[in-house]
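Notes follow the structure.
The values are calculated or read from the model by the stated rules, or taken from the named source; none is laboratory data. The structure presented is a predicted model; accordingly, all values stated were derived computationally and were not measured. Here the Cβ positions follow ideal geometry from the backbone for every residue, glycine too, while neighbour counts run over all protein chains shown. Ligands, DNA and RNA are stripped out before the accessible areas are found, and what is left, the full protein with its side chains, is counted by its heavy atoms. Shrake-Rupley method; radii C 1.70, N 1.55, O 1.52, S 1.80 Å.
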Amino acid sequence: MNLRPLRRLALAAALLVATGTATAQDLLVRNATVHTATARGTLRNTDVLVKAGRIAAIGQGLAASGVPVVDAQGAPLTPSLFGGITDIGVEEVSGESSTVDATLTLGANAADMRVRPEFDVTLAYNPDSVLVPVARMEGIGWTLLSAGSRPGGSLIGGQGGVVRLDGSLDAVGPRALFVTLGGDGASLSGSSRAAQWMLLDQLVDEVRGRIPQDSQFALLTPAGRTTLARYIGGGGRVMVRVQRAADIARLLRWARQRDVRIAVVGGAEAWKVAPQLAAAGVPVFVDALANLPADFDEIGATLENAARLHAAGVAVSFFQGGDASHNARKIRQLAGNAVANGLPWEAGLAGLTAVPAAALGTGGAVGATIAVGQRADLVLWTGDPLDVASVASQVWLDGRAIPMRSRQTELRDRYMHPDNGLPRSYPDGAR
């Protein structure tokens, strides 16, 4: 890889920050390969003008006096990317329970199940988490916080929401309700997936008043009833973690009967029911690295899952099955892997931008496309953003240049520079 363009872009970004424009909301990026994530597709040798944090114009030969200018030299420019479904900001060290706020466990064991859909994990979000800049400098501008359960919780984990990785404290857009079904939810439903439909139907009956609130059999608190009611009858989005085709088919039937707006998360066998998913308008967040079955719910796992779903007309986004928070940057690898296995490139980019934004109802809260009027959440890349050999040379959120550093880079620099008075990270001659 030719490093000269990378060095020039890095120098331009450094000068932009050093001259005090890191807090500016005006910007002109010249001569970029603009991947709009819209119907306009990719625009070559194109300028993007940002005014007051919003995209003001897209075209060639744009001019604006007094505005910081970056010459992209043909490098790719994309919207900031969706980081997937993570615990960024609600988890620091996964092995240290005091730093993990993503799951709810009120009962002592599975027999003491507590259903609390009113649990809102976004209230624990810490915008100063060390994970935020680690993800952000990799081109990640926003993520969906998930709510989960362990034995003693329930198949309804609670509510999550979209957070911008710009230092904001509060989530943006509507909340999403998280539900776990299939084999992964068996420990939360009496060790049987059959019981999951019984429990879901009872919860709907409670919301609709068929079971009195003071009944000894009631599962919901008053607040829980109010919250769950917002997701029944075509309300908010319900994110359902489910893998097996048969479970997805039953979920589609249940959601249609109860008028619930669902999205499938995982969906290792979703390709088997792709026409039904497309007909129902259900988006699927796939793990595009899932190939060999991890359990009996994923016998039909295939690297072509995303491509087959897209070909059937399903809106496809991405989800990491493991350690998604500390490795949010790998979401690009998932999209690239899906493209390598048949998904069109533009659909791969859309799965990290426009598709999740539409599925989660973020509206204009995140800059998921490059279009006039949208928030200027932009990333300039050294090469193909779906190729792991490329990196982000500069990230802008609302037109503000984001410092391209994190705790990881600061630790690297601390020990690798021989003139800082600290011991070298490697002995002489070891590299």
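Listed values, structure above:
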| quantity | calculated |
| --- | --- |
| The stretch 270-354: C-alpha gyration tensor shape, a/c 1.5 cut-off, then a/b vs b/c | oblate |
| Area accessible to solvent at Lys272, 1.4 Å probe radius, in Å² | 100 Å² |
| DSSP bridge pairs, the chain: antiparallel proportion in percent, nearest 5 | 50 percent |
| Largest-first ordering by accessible area, 1.4 Å probe, given options Trp142, Trp345 | Trp345, Trp142 |
| Computed over the stretch 276-431, Kirkwood Rh from alpha-carbon pairs, angstrom | 18.1 Å |
| Probe 1.4 Å, all protein chains present, accessible-area order of Val207, Val132, largest first | Val207, Val132 |
| Among Arg241, Arg210, Arg414: highest mean-square fluctuation, GNM of the chain, C-alpha pairs under 10 Å | Arg414 |
| Global geometry of the stretch 165-236, whether rounded, prolate or oblate, following the gyration tensor of its Cα atoms and the 1.5 cut on a/c | oblate |
| Simple spin-label estimate for Arg230 and Arg407 in nanometres, 7 Å along Cα-Cβ | 3.1 nm |
| Cα gyration tensor category, rounded, prolate or oblate, for the stretch 187-288 with a/c compared to 1.5 | prolate |
